[in-house]
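Each remark here refers to the structure printed beneath this line.
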Amino acid sequence: MDLTLRIWRQPRHDTPGDFVSYQVTGVPEEASFLEMLDLLNEQLSERGEEPVVFESDCREGICGTCGLMIDGRPHGPWGNTATCQLHMRAYADGDEITIEPWRATGFPVIKDLAVDRSAFDRIIEAGGYISTPTGAAPDANLIPVDKATADRAFEAAACIGCGACVAACPNGAAQLFAGAKVAQLNMLPQGQPERYQRAANVVDTMEAFFGSCTNHGECQAACPKDISIDFIAWLNRDYRKAKLSGRQAG
Amino acid sequence: MTTSSTPPSRPVGNQQPPKIERRGNVLTELYRSALGKKYLMAISGIVLMAYVLIHMIGNWKLFEGEASLNEYAIWLRELGEPLIPEYGAIWATRVILILAFGVHIIAAAQLTRMNQLARGSGRYAERHYAAVDFAGRTMRWTGVIVGLFVVFHLADLTWGVQWVNPQWEYLEVYDNVVASFANPVSAGIYILANAALGLHLYHGAWSLFQSMGWNSPRFNHWRRWFAIGFAVLIAVGNISMPVAVQVGLVG
Ligand code: HEM
Ligand code: SF4
Ligand code: FES
């Protein structure tokens, strides 16, 4: 199929950007969305034009680097699908597709469609881990966790850090990401020793970069991993307890 | 739709947060954070919700006639006597309401500003929202409408400002209310403002559970119904009064 792409081009983070229209020809319908962009870049290179910068790594929906705003929908038209797993059979010959980077103050554009998500790394550094002595791997199931809790924590742990929640949020808030990262640990026994410290540090770091949740639920609708806004409530509760009980790092 | 984007001023590639400066006092530390402001918005919202509900139930005495409503007004002024002086309960309520309104509005303004900055100046050329509803989108507008209405409502029935309610007389509560609601412009303002309040509560009475972190698989599915029920009760219950006067059922 042949497509018209309206792509955001921005040479540098501190220069203004704009849309440029491109024709991409001969796209097979079994190609993924990113393979279609690869094809475009080949065709641009052949013509001596500068290829479009976009990010990807795993191309199987687990690394979270590939997020794009596609026709006004984070990760495109398919629900619970990362951009790399969106396939061109979602489109028909002659379609026009608008492709934009995530837009939020916490995610400045680096170039074209690539944004800087290092603010997420700062949030992880603030509390997205447990402190544990390394050594031989402990035996499996040494610490019993009931099935319901394990399943719930696993739902939160499915977050791939793609940033679609921030991109979708009218307030540029990152509460779904932060909620998932806090809940996946705070629900489990291994997360208990640092539970309230974690909630306080993650939230305080998050607020240095991102906005405040107004409970609209756009993040949940945009999330490729179907993370629930219940985890936002979870985060809000642990933060409240951390502050009211003084159980936080100084 | 505009698509121009002002470039960010921060260096890209390795963003660093400013050092977190926590405050010693629990309350100032809570208020420093956006989550803390949301707790206070939710709590002040609950205080206002409780007031709005009780205020409405009391005002339904309008349907029982002049004597009933006016006696209720006197009773409110003498509530708690002799332990509490005359007007004591009324003034205590007023102080709580002023505080709740103040906190709610200031937090709303600060968070709105924070969110505008966090969203940034870059706008999507195309954006299809998938979840947000009309009530959620218009919270800031319905909030401002309710805030302005409160000023009008006080001028109309509490202070008796001449050009708002020319027939107003102190403690003639029933006559004052009927005079106000008989005026179609005034009745219209009451109806519109309470419709706005209903919308505000449709989102707010649900949102407060999320903000406070009151969340459990046992009751989560009730939160939406609670908000719908509360919003409809308040909107319909309040709007029924000006409508009753306008159609001649009361007055
Ligand atoms: C009788 C009056 C009012 C009641 C009962 C009320 C109630 C509520 C409640 C329960 C919430 C939810 C709080 C949360 O999610 O944490 C809320 C949120 C809010 N209120 Fe009010 N409110 C009132 C008046 C106002 C006024 C006068 C304003 C502004 C001038 C306002 C602006 C807002 C805003 C901006 C939000 C945040 C909405 C969001 O989360 O997106 N409210 N209100
Ligand atoms: S919560 Fe969902 S949308 Fe947000 S970063 Fe994680 S996977 Fe992406
Ligand atoms: S490239 Fe890894 S999730 Fe899409």
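The values are calculated or read from the model by the stated rules, or taken from the named source; none is laboratory data. None of the values given here were measured: they were computed from a predicted structure. Cβ placement follows ideal geometry from the backbone for every residue including glycine, while neighbour counts extend to all protein chains displayed. Side chains are part of the model used for accessible areas, which takes the heavy atoms of the whole protein and leaves out ligands, DNA and RNA. Shrake-Rupley method; radii C 1.70, N 1.55, O 1.52, S 1.80 Å.
Side notes on the structure shown:
- Peptides A:60-67, A:162-169, B:138-145, ordered by how many other C-beta atoms sit within 10 Å of their residues on average, highest first, read A:162-169, A:60-67, B:138-145.
- Projected over all directions and averaged, the alpha-carbon convex hull of chain A occupies 15.8 nm².
- Rg then Dmax, both in Å and based on the Cα atoms of the protein assembly as shown: 27.3, 92.
- When both bridge partners sit in chain A, DSSP labels roughly 75% of those beta bridges antiparallel.
- Cα-based shape type of chain B, given that a ≥ b ≥ c are square roots of the gyration tensor eigenvalues and the cut on a/c is 1.5: prolate
- Highest-fluctuation residue, A:53, A:202, A:182 considered, GNM on chain A with Cα pairs under 10 Å: A:53
- For residue A:98, nonlocal amide neighbours, meaning residues 5 or more places apart or on other chains whose placed amide H falls under 5 Å from its own, are A:6, A:71.
- The angle separating the long axis of helix A:230-245 from the principal Cα axis of greatest extent in chain A is about 40 degrees.
- Assuming charge only on the beta carbon of Lys and Arg (+1) and of Asp and Glu (-1), the dipole of the protein assembly as shown about its Cα centre is about 1460 debye to the nearest 20.
- Residue (of A:78, A:45, A:107) at the positive-pole extreme of region A:3-110, dipole from beta-carbon charges: A:107
- Beta bridges assigned by DSSP with both partners in region A:1-133 are antiparallel in approximately 80 percent of cases.
- For residue B:61, the aspartates and glutamates whose Cα comes closer than 16 Å to its Cα, not counting residues fewer than 8 places off in the same chain, are B:71, B:172, B:175.
- Descending semi-axes in whole angstrom, ellipsoid equivalent of region A:102-250, from the Cα gyration tensor: 26, 17, 16
- Each Lys and Arg contributes +1 and each Asp and Glu -1, all at the Cβ; summed about the Cα centre of region A:1-159, the dipole is approximately 540 debye.
- Region A:48-61 - phi-based ³J(HN,Hα) in whole Hz, Karplus 6.51/-1.76/1.60, Gly and Pro as x: x, 9, 6, x, 7, 7, 9, 9, 6, 9, 6, 6, 9, x
- Under 5 Å, built H, 5+ apart or other chain: amide partners of residue B:250: B:245
- Separation in nanometres of the label points that stand 7 Å from Cα toward Cβ, at residue B:26 and residue B:91: 3.0
- Shown here is the pair-distance distribution of region A:1-121: with all Cα-Cα distances grouped in 10 Å bins from zero up to the longest one, the shares run 14, 47, 33, 6 percent.
- Cross-link partners of residue B:19 among lysines (Cα-Cα below 26 Å; sequence separation of 8 or more within a chain): A:181, A:241, A:243, B:37, B:38
- Max mean-square fluctuation residue, GNM over chain A, Cα-Cα springs under 10 Å, options A:147, A:225, A:181: A:147
- In straight-distance terms, cross-link reach from residue A:147 covers every one of the aspartates and glutamates whose alpha-carbon lies under 16 Å from its own, apart from those fewer than eight places away in the same chain; here that gives A:155.
- Residue-wise HN-Hα coupling along region B:222-228, computed from phi with Karplus coefficients 6.51, -1.76, 1.60 (Hz; x: Gly, Pro): 7, 5, 5, 5, 4, 5, 5
- Accessible area that becomes buried as A packs against B, both chains, 1.4 Å probe, Å², nearest 100: 5100
- Whole-Hz couplings from phi, Karplus 6.51/-1.76/1.60, listed for region B:206-221; x for Gly and Pro: 8, 4, 4, 5, 5, 4, 7, x, 8, 8, 7, x, 5, 10, 3, 6
- Farthest towards the positive end of the charge dipole of chain A, among the residues A:210, A:196, A:229, is the Cα of A:196, using unit charges on the Cβ of Lys, Arg, Asp and Glu.
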